[in-house]
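Structure first, commentary second.
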Amino acid sequence: MPHHIAIVEDEASIAANYRDTLQRQGFRVSLFQDRAAASHAFSRELPDLAIIDVGLGDEVEGGFELCRDLRSRCPELPIVFLTARDSELDIISGLRLGADDYLTKP
């Protein structure tokens, strides 16, 4: 059974690009446009990896909140932020919340 990757990204075209690339590599991918949808899905099934944008729609720090929630549910779940927000404060905040990595979009 392929590993399951959850992508939480509010820009549909970006999310579809990530999904297509990962599916070509053999991963099962789920897309979520906001924190509420992702959190609801994660209450039923946790992915093997969560890739999260920091800003999710109207929630400027929705990704941070989702990371905090995921860490409380499953401390060993790999979490990566993939976001345009590149300030040192955001990077430090994301890593302190428990993300395994913080990558910025070009």
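The values are calculated or read from the model by the stated rules, or taken from the named source; none is laboratory data. None of the values given here were measured: they were computed from a predicted structure. FYI the Cβ positions are ideal-geometry reconstructions off the backbone, even for glycines, and counts take in every protein chain you see. Remember, those area values only see protein heavy atoms, side chains included, never the ligands or the DNA or RNA. Shrake-Rupley method; radii C 1.70, N 1.55, O 1.52, S 1.80 Å.
Considering only region 24-106, what is the antiparallel percent among its DSSP beta bridges, to the nearest 5? Antiparallel: roughly 10 percent of the beta bridges in region 24-106. From its DSSP helices (H runs of at least four residues, each -39,500 (n - 2.57)), the chain gives a residue-normalised ellipticity at 222 nm of -12500 deg cm²/dmol. Taking amide H as placed 1.01 Å from N in the peptide plane, the amide H of Leu97 sits under 5 Å from none that are at least 5 places away or on another chain.
Surface composition of the chain: carbon and sulfur atoms hold 52% of the protein heavy-atom accessible area at a 1.4 Å probe.
Taking K and R as +1 and D and E as -1, what net charge do the other residues with C-beta under 15 Å from the C-beta of Ser72 add up to? Taking every other residue near Ser72 into account, the sum is +2. Compared with the direct C-alpha span, the chain from Glu59 to Asp101 gains 13.0 nm at full extension, assuming 0.36 nm per residue. Where the centre of each part is set by its Cα atoms, how far does region 76-106 sit from region 1-33, in angstrom? Value for the Cα centre distance between the two parts: 18 Å.
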